[in-house]
1. Name the single residue, out of those in the range 184-207 being closer than 15 Å to Val221 by Cβ and out of contact with any helix residue (DSSP H, G or I) (no Cβ under 7 Å at 6 or more places or on another chain), that is modelled with the lowest pLDDT.
2. Restricting attention to the range 135-152, which residues are free of Cβ contacts under 8 Å to residues at least 60 places away in the same chain and on the phi < 0 side of the Ramachandran plot?
3. Within the range 239-261, is there a residue that is at pLDDT 95 or above, farther than 28 Å from Asp151 by Cβ and surrounded by fewer than 19 Cβ atoms within 10 Å (Cβ to Cβ)?
4. What pairs come up if the first residue lies in the range 184-199 and is assigned by TED's automatic domain parsing to the domain that holds Glu171, the second is of a type in the set (S, T, N, Q) and at pLDDT 95 or above, and their beta carbons are under 7 Å apart, counting only those six or more places apart or on different chains?
5. Restricting to the range 176-227, name every residue that is touching a strand residue (DSSP E or B) at 6+ places or on another chain (Cβ under 9 Å), over 18 Å from Thr37 (Cα atoms) and part of a loop (DSSP other than H, G, I, E, B).
6. Testing Phe155 on (1) touching a Leu at 6+ places or on another chain (Cβ under 7 Å); (2) over 22 Å from Gln247 (Cα atoms), one condition comes back false. Which one is that?
7. Pairs under 6 Å by beta carbon, first residue in a helix (DSSP H, G or I) in the range 22-35, partner modelled with pLDDT of 85 or more and surrounded by 22 or more Cβ atoms within 10 Å (Cβ to Cβ), six or more apart or different chains?
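The values are calculated or read from the model by the stated rules, or taken from the named source; none is laboratory data. If you're wondering where the values come from, they're calculated on a predicted model, not measured in any experiment. Here the Cβ positions follow ideal geometry from the backbone for every residue, glycine too, while neighbour counts run over all protein chains shown.
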Amino acid sequence: MLLSKRVSAVLSASLLTLACQATQAADSLNFVSWGGTTQDAQKQAWAEPFSKESNIKVVQDGPTDYGKLKAMVESGNVQWDVVDVEADFALRAAAEGLLEPLDFNTVKRDRIDPRFVSDHGVGSFFFSFVLGYNEGKLGSNKPVEWSALFDTKTFPGKRALYKWPSPGVLELALLADGVAADKLYPLDLDRAFKKLDTIKKDIVWWGGGAQSQQLLASGEVSLGQFWNGRVYALQQDGAPVGVSWKQNLVMADFLVIPKGAKNKDAAMKFLANASSAKGQAEFANLTAYAPVNLDSVSQLKPELAPNLPTAYAQDQVTLDFAYWAKNGQAIAARWNEWLVK
């Protein structure tokens, strides 16, 4: 009898612990992004209002690490609930079975720009790679097209380019070499690398937004490829920088839920909040990155319009995320080999 009571007590304690853990899980979720001003804005626009409305605590984590996400899913020990990733990775990870399918009864798919939603991910925001330049270095000589990057005589100085093998650099090289925007894919890799070879010694590579801003504002580079929101932030701070939106290259981040996430239901609610018209508008107003929700435009600050990709849709090239999801790893191998030559 005594043994039976002890077993019963142990079982009761175990069940109570599991219940507490389940309650705790329902009361929080882990959000992972890239850090810096972008994640600060995501916290302010999404996490804090969501926590206030739902009583679900949002724990900030980061930076996003694709290898770590994959390792978590494969080990069955997933510590992340919502992760901000690049669009091409979202598609590739879904194909590899690393992501939860989204519940579109919770997330309102019909109001999301179809470029920025898939069965396993919804847009976090979209942005453009734009041609930015230091006015102090170039004076009245303002570059307009990507071809300016390759004209070192007219536009002297170092050039800043994104160093990672992802959508953007190869496309701008082909556009500068005369390839029509609607003929970019499949990418002519030989032609793109040949074009980049012509300025390779003049390139300063950047790997993050803060580094790109420092290069441009300091005049270490005269011009280059930048995220539009980073150029906007410099202009707001009074830095002598200009921007050309001609053939701006549209890229996006997606919000995804790793397969096996412990707080999947809470994560799905968070995605619904973040992709809502209000959530997207508030984030855009803080960052000058564009909203993926079609109903957000009316809620944007009027003075922000000239600094958003939405104002330049007529001269815009949307990068092919699906092409990169399929071919990105092979391109990366060639890219990394080219960099060290």
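1. Gly207
2. Ser140, Asn141, Ser147, Phe150, Asp151, Thr152
3. Yes: the range 239-261 contains one or more residues that are at pLDDT 95 or above, farther than 28 Å from Asp151 by Cβ and surrounded by fewer than 19 Cβ atoms within 10 Å (Cβ to Cβ).
4. Note: pairs meeting the criteria are Ile199/Thr152.
5. Leu184, Ile199, Gly219, Glu220, Val221, Ser222
6. Here Phe155 meets the rest and fails (2).
7. Ala25/Asn263
Conditions tested, residue by residue: (1) hydrophobic (A, V, I, L, M, F, W, C); (2) touching a residue at least 40 places away in the same chain (Cβ under 8 Å).
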{"residue": "Pro302", "(1), (2)": "no, no"}
{"residue": "Ala313", "(1), (2)": "yes, no"}
{"residue": "Tyr323", "(1), (2)": "no, yes"}
{"residue": "Ile331", "(1), (2)": "yes, yes"}
{"residue": "Lys341", "(1), (2)": "no, no"}
